[in-house]
Every structure is written in structure tokens, then in C-alpha cells.
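The values are calculated or read from the model by the stated rules, or taken from the named source; none is laboratory data. These figures come from a predicted structure and were not determined experimentally. Because the Cβ atoms are built from the backbone with ideal geometry, glycine has one as well, and the counts that use them run over all protein chains shown.
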Amino acid sequence: MPPATRALVLINVAVFLLQQVPGFGDWLVSEFALWPLHNERFHPWQLITYAFLHGNFVHIFFNMFALFMFGRALESYWGARRMVTYFLVCVLAAGLTQLAVQGAGGAGEETIGASGGVFGVLLAFAWYFPRQRLFIIPIPIPIPAWLFVTGYALVELFYGVTGREQGVAHFAHLGGLLGGALCILYWRALRRFAA
């Protein structure tokens, strides 16, 4: 595993283990989860730190598995610095999206998890390796990356709009996708103007 992807995975795992410490885990969530703007617990740093907290083993396992699977290819393609920058941009965009949705709906619960950053990583993988075939359980045949990510985004949009699957920040996932797309377009524009 390349160094930046490995570091992101290890930091997430270390923080998750710290969350299991009685009392200390509650303090971590109180200080570093992303709380709505109207909540007295909100602090600006939470727009990044929330992504390193997770709710349970399944939550962190699937996020880190996806980061491991797709982050490796992107880091090999981009390099470590760009990979970390991109991941954090997606996390920030996901957090801002979640705050906007919570503000509009008046929701008061905290948000945790690297999913917004991971969704951005999925988008970038599909962007740069669109024809790479993926085996997705339970689909019995491999599908191209662009189709997987497009379908996944549509499912997230459906769940977000209909309010199904409560307790999942679907719009934060979409915000990570949007942040990733804007970041890639910005980098491409910089390269075009620099030429």
C-alpha cells in the first residue's frame, strides 16, 4: 500500500480504537464529530476531524476497504501529496454539504465517518480509470468503474431525497462526489492555463 493511503487508513483505525476507550470515546465524538451549526458543540475544525471517527466496526471496515482498494491506484497515479489533498477536499465538501442539509432540515445529530472522502476517491477512480472492471457483490458479472460510481451516486440521491435509510448522511456522500469533481476540474483548468 502506498504511504499516503496507508497513513490515512492507519490514522482512521487508530482513532477508531481510541473511540473504544470508555469515556474518552465519548469525548472524541463530542469534540471532533461534525455537529450542526446551531449546536453549541460545533467547531470549525470538525469539518475535517469528523472523517476520522466511525460509528462501528462495519462502518470503518467498508470505508477503509474502499480507501485501500481505490486510493492505491490514485496515489500511484497522482502521488502522495495530491492524493491527501484531494481526500481532504472531498471530506470538506461533504461536511459543508451535510451542514447545509442539516440547516435546511433542522436536524440535530452529529456526523461521523470518512464516507464523503471515500466517495470522492470512488469518483476519481472512475474518472481516471473508467473502463476498469469491478466485481460488486451480488452482481454476478464485472461492471466498469464509471457505471458502478454512476449507479451508486443515483442510489445515494434516491435515498437522500426520499429520506430512506435514516442515520446515513447520503447528502454528505454526494457532497464528497461534487467536491471531488470540482477539485479535478480545477486541477485540469490550472494545467490548461499553465500550458
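Quick rundown of the values:
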read-out: Considering residues of segment 128-183 that are in contact with an Asp or Glu (Cβ under 7 Å, 6 or more places away or on another chain) and without any contact (Cβ under 8 Å) to a residue 40 or more places away in the chain only, the residue farthest from V118 (Cα to Cα); value: Y159
read-out: Exclusive hit being within 19 Å of H59 (Cα to Cα) and surrounded by 15 or more Cβ atoms within 10 Å (Cβ to Cβ), set Q98, Q102; value: Q98
read-out: Index of the failed condition, Y186 passing every other in (1) at pLDDT 90 or above; (2) under 16 Å from the mean Cα position of the chain (by Cα); (3) not small (G, A, S); value: (2)
read-out: Residue list for segment 38-54, filter: loosely packed, with under 15 Cβ neighbours inside 10 Å and either among the charged types (D, E, K, R) or within 20 Å of the chain's Cα centre (by Cα) (or both); value: E40, R41, H43, P44, W45
read-out: Inter-residue pairs, beta-carbon under 7 Å, first small (G, A, S) and in segment 17-45, second outside any helix (DSSP H, G or I), 6+ apart; value: S30/R41; A33/L53; A33/E110; A33/T111; A33/I112
read-out: Segment 54-73 residues that are acidic (D, E), paired with ones that are modelled with pLDDT under 90 (beta carbon under 9 Å, 6 or more apart); value: none
read-out: Residue count for segment 162-183, restricted to those that are farther than 19 Å from A66 by Cβ, of a type outside the set (G, A, S) and surrounded by fewer than 13 Cβ atoms within 10 Å (Cβ to Cβ); value: 3
read-out: Yes/no for F148 being more than 30 Å from V29 (Cα to Cα), at pLDDT 90 or above and either of a type in the set (V, I, T) or in a helix (DSSP H, G or I) (or both); value: no
read-out: Candidates Y159, Y186 - the one that is surrounded by fewer than 15 Cβ atoms within 10 Å (Cβ to Cβ), within 25 Å of G95 (Cα to Cα) and aromatic (F, W, Y); value: Y186
read-out: Test: A153 is under 19 Å from the mean Cα position of the chain (by Cα), assigned to a helix (DSSP H, G or I) and aliphatic (A, V, I, L, M); value: yes
read-out: Verdict on W78 being touching a helix residue (DSSP H, G or I) at 6+ places or on another chain (Cβ under 9 Å), free of Cβ contacts under 8 Å to residues at least 24 places away in the same chain, of a type outside the set (A, V, I, L, M) and farther than 23 Å from G167 by Cα; value: yes
